[in-house]
Structures are given as C-alpha cells and as structure tokens.
1. Arrange the peptides B:44-56, B:127-139 so that the one whose residues have, on average, the most other Cβ atoms within 10 Å appears first.
2. Working from Cα positions, state the angle (0 to 90°, nearest 10) between the long axis of helix B:143-156 and the longest principal axis of chain B.
3. Could you pull the Cα extents of the range B:15-60 along its three principal axes, largest to smallest, in whole Å?
4. Going by average Cβ neighbours within 10 Å, how do the peptides A:188-195, B:65-72, B:14-21, A:81-88 rank, with the highest at the top?
5. Per the Kirkwood definition applied to all pairs of different Cα atoms, how many angstroms is the hydrodynamic radius of the range B:21-137?
6. Report the convex hull volume per residue for chain A, counting only C-alpha atoms, in Å³.
7. Between B and A, buried accessible area summed over both sides at probe 1.4 Å, in Å² to the nearest 100?
8. Cα atoms only, the range B:93-158: Rg and Dmax in Å?
Amino acid sequence: MMSSSRSSLAFWLRLVLVAFIFAALEIYGRFYADPAFMSPPSGIFRAFVERILPEPKIIEALFLCVLQIAAAYGLSILFGTLTGLLVGATSFSRSAFFPIVLLLFAIPQVSLLPLVILFFGLGPAAKIAFGFSHGVFPIIMNVVAGMRDVKELHLRAARSMGASRSETIRHVILPHAVPSLFTGLRLGMTMTLLGVILAELYVSTGGVGYYTRLFAENYNPAPLFALIGCLAVIAILFNELVRLAEKRLTPGLRRSAALTNLVKE
Amino acid sequence: MSESAISIRNVSQRYGDAGAPDSVLALDDISLEVRKGEFVCLLGPSGCGKSTLLNVIGGLFKPTSGMCHVAGRLVDGSPHPDKIAFVFQESTLFPWYSIIENFRIALKFQGIPQSEWDDRAMQALKAVGMSSFASHYPDQLSVGMRQRVNMARGICVETDILLMDEPFAALDEQTRMVLGEDLSQLLAATGKTIVFVTHSLAEAVFLSDRIVVMSARPGKIKTIIDVNEAHPRSPDFMLEPRFSELRNECYALLRDEIRSTMAAQRDPQSAGA
Ligand SMILES: Nc1ncnc2c1ncn2[C@@H]1O[C@H](COP(=O)(O)OP(=O)(O)O)[C@@H](O)[C@H]1O
Ligand SMILES: [Mg+2]
C-alpha cells in the first residue's frame, strides 16, 4: 500500500515537472525567443505533422536510420558477446587479451570518423561500422567483467558437487554473467545510437544528416527540432526494447516482485 | 561403528613456495581418523587451517604432503561427489536458480538420473520443512530459510559423508541454535559421517561426538575432546553442567591460541610461519 501510493505520487510529480518544462518552453518560444533559433513545442509538433510526416524522403531517411542502428547493434551483440566469452573464458585469456580491448575502448573514436567515412564511403556501411565500433566495446567489457566476478564460493560448490568444466561454465559462469551482459547491452545500445547518429550528422549529403543541416542552415528550427525529436523517440524505443528483453531473460527477475515481499521472515 | 570413514595421515599443506616471504604453512602434519557415523567438529581460531583441512578431505585440492583416504579410497585432489557432499554458507545457493532448480542442478552435477531429481529434492525439502518454497528464488527467503534449504541440498545427494564449512556463520545466535537442533535430528536419522567446521564453542559442544581443537600457524591438532552424549540431542543438553564444563574447557584451550595469534599479528617477526 505504502509503496504503491508513493510510486504513484512520484509518477504525478514527474508528470507535473515535464508539463511545467513544456509550458515554460512554450511561453519562452512564443513570446521571447528569436524564431530563427528556437520554436515553441506547439510549433515543433505542427512542423512534425506538416513538414516531416508528408515528406516521404524524410520518412525514408528516418527508416534507414533505424535499419542502420538495428544492423550496427545486431553486429555489436554478436561480436561483443562472442569476443567477451572468448576473452573472459579463462584468467589466462583475460590477462592476454583484455588489455587490447581496454586500449581500443580508450581511443576517442570521433577522431577516426573521417577515416571511417573514407574507408566505407558515404552510404549506410560507414554508419553501421561507426555504430558497431561504438557499441561492441561496452558489451565485450561487461561480458568479461561478468565472467570474472563469479563467486569463488559458487565455483567451489559446483566443483565439490562434481560439475565438469563445461557444466560449470553453462550453469555457474554464464548465468552469473547475464546481469552484467545486459548492463553491457544497455550501454552498447546507447553507444551504437551515438555512433550511427554522429556518422549520420557528419555525412550531410543524404539521410537524416542532410535534412538537419538543411533546416539548420535555413534558420528553420521547428522542423529541425521535430527531426531531432524523431531521433530521440527512436533512441527511447530501442532502449525500451533492451529493457524488456532484460526483464524477460534475467533469471531471478522473471518472478513477480509482490511475491518477494510476502515471504521475508 | 569402529570402521574408519575418513583417514588422514600426516597431511601438511603449504600455500606458496617454502622460503617465500608470503608462504603459509596452513596444516602441519595432521593425522586424524573419523569413524563411520561420527560427528566431528574442527574448532579453532580463524586462519588455523580448518577450511584447508576440510577441502583436502573433500578432494578440492591435493595437500603438499600426506594422504587422505575416504571410505578406503585415496582422495588425491579430485572430488568424489558420490561419497562426499559439501555444505558451505547459505550464499552457496545459486541465486539465478529457484530452490528446486538448485536441487536439480546439484543432483545433475552429481550424476543422479533425472527421473529421481524432483522426488529427492522434495523429500529433502520436506525434511527441513521448506517444501512450500520450492519455486522461490534464494533471495526471496530469509538467511535462516536459505541455510535450511542449503543443508537440505547437501543432504539430498545422499552421500555417506557430509563436510560442513561454517554453515551457520552468517546466522544470528537463535537461528543457529534452532538449525543446530534440526541438524542433530536429521543426522541421527541418516547415520552420516560429518566433519563440521565452526568457531562457535556452543555449536561445537552441542553437535559433536568429538571436538578437534586446532592451534594456529602452523595448523596442528592441539587436543581432541570427547562429548559422550547420544544423538539426537535436545536443547536440554545445553542446560546440563557438563555442557558448560565442556564449553569452558574448549574456551580455555582456544583463548591461548587466539592470544598468541593476535600477538603474532601485532609483531610479525615472532610469527612462526
Ligand atoms: N588459497 C590460499 N592461498 C594462500 N594462502 C591461503 C589460501 N587459503 C588459505 N590460506 C591461508 O592459510 C591459512 C589457513 O586458512 P583457512 O584454512 O581458510 O583457515 P580457517 O578456515 O581456519 O579460517 C590462513 O592463514 C590463510 O591465510
Ligand atoms: Mg574457513
């Protein structure tokens, strides 16, 4: 009871805050701001309906953006998880290869963006590659960390019960790494989005990047913000997808929370 | 009854290379016979090598020197899950599996046919009064309930020998006592041979047939105390004068050990490691 009324209060408070921010933006945008740089939320919404939705080229560009993110993320998950499992499998492979991963991760990748474009061209390949190179590292790092932090006590218990090496990996090390894997997947999603969108904005001959530049250079903030809003919505949807997968697939999170509170002695 | 279930001969264990500054002689020439069906406690200050000795018996590693036989078989650094089960602290339950899945996995690791898993698990859970929690996850239970389940998991594999390493260390005094009583009853019914590590004096006296008091650095057997009291033991045993006498005897033996360990920690030069 207590906690449910608290959480609904938190929800309303959050809603009020968001409404307040929108109202403030609306008032500022309408009455005070320079219309060349800023548009009130109502204007952005109108621009979304009138300038973005009816424009098949923009919709196509957004759709392509979604596909690129999905492709980059899929590759990140595949390679990140596999590499993570290989590097994290034994303490030897970890000490041999993990420093390389850390080193690569430490490079500020934006500085390599022109190189990536040069290499992969102006099309989707460059954006997928750049999204992938951002997304893959957090996944590797977290898989390795998850496998490393397995409890000595659990390993000893499994061994004393007669578990083979492969049984230990399957039933102890991997399940232990699942929460950490999802931390990596969430971070990896954020980074993939960053990579793809950075590349999109950098290459302004077509796609979303072209339109953002077009609107910005024409001092046309309403459709610009509407387009950015679309990217934000895409990002939120992708993140929700990962969160849902995490909720379904993390052992121990499957059960209902209500049951948890019932049986504590 | 006089048959030897566990036979430890001249076992020494050194961690690190002899002569290296961080090398520790954890066990120094330990010999001990444990009879079939006997409940033996290893009692001693922390760091005296109790876990090390238990792990040697359980075959989790090979001792630096000496031999250990279990049920006539040489234990040489590899576990014998058909003969020996371990019970560690409650946190050994795998948190990603529900209680029943924890049992299944233990039975699977041990090589028990799948058709027997659930019957055995439910039987063991019933024995500790936890059968209605089979589908719960470990973190949904209190620490005491978890340890009850963890004990049941060690029992359901039906080995002749049970090795318990401070299983109640994370529990409060009252829960410890209640679980101790449960354990005494369960064991009287099964006739298992048990080696139990603890640093609780009351626990040692209440549960043991014999208490092996160990001294620290290097770990040696200082004395073995007999507790002549039939299992299962009732809480009334704790009220008898003999209980306090035994408890005091253990305390007197341990106090010297703990004092010398603390002195050694303060002044590492005098440590005889
Ligand atoms: N894996 C290890 N490597 C090095 N030293 C260890 C290791 N395990 C235990 N020791 C040392 O051996 C001694 C005995 O440890 P242990 O058997 O765990 O004692 P207890 O269980 O009685 O507390 C301690 O001094 C401990 O620091
Ligand atoms: Mg110990």
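The values are calculated or read from the model by the stated rules, or taken from the named source; none is laboratory data. Predicted model, so just to flag it, every value in this text is computed and none were measured. Methodologically, a virtual Cβ is constructed for each residue, glycine included, from the backbone with ideal geometry; neighbour enumeration extends over all protein chains shown. For accessibility, only protein heavy atoms count, side chains too; no ligands or nucleic acids. Shrake-Rupley method; radii C 1.70, N 1.55, O 1.52, S 1.80 Å.
1. Details: B:44-56: 22.5, B:127-139: 17.3.
Ranked from most to least packed, the peptides come out as B:44-56, B:127-139.
2. The helix B:143-156 is inclined about 80 degrees to chain B.
3. Principal-axis extents of the range B:15-60 (Cα, largest first): 41, 22, 18 Å.
4. On the way: A:188-195: 24.5, B:65-72: 17.2, B:14-21: 10.1, A:81-88: 19.8.
The most tightly packed comes first, giving A:188-195, A:81-88, B:65-72, B:14-21.
5. On the way: mean 1/r = 0.0596 Å⁻¹.
Mean inverse Cα-Cα distance, inverted, gives 16.8 Å.
6. Numbers: hull volume 45.1 nm³, N = 265.
Residue-normalised Cα hull volume stands at 170 Å³.
7. Details: alone 12820 and 16680 Å², together 26940 Å².
The summed interface area works out to 2600 Å².
8. Both quantities, over Cα of the range B:93-158: 10.5, 31 Å.
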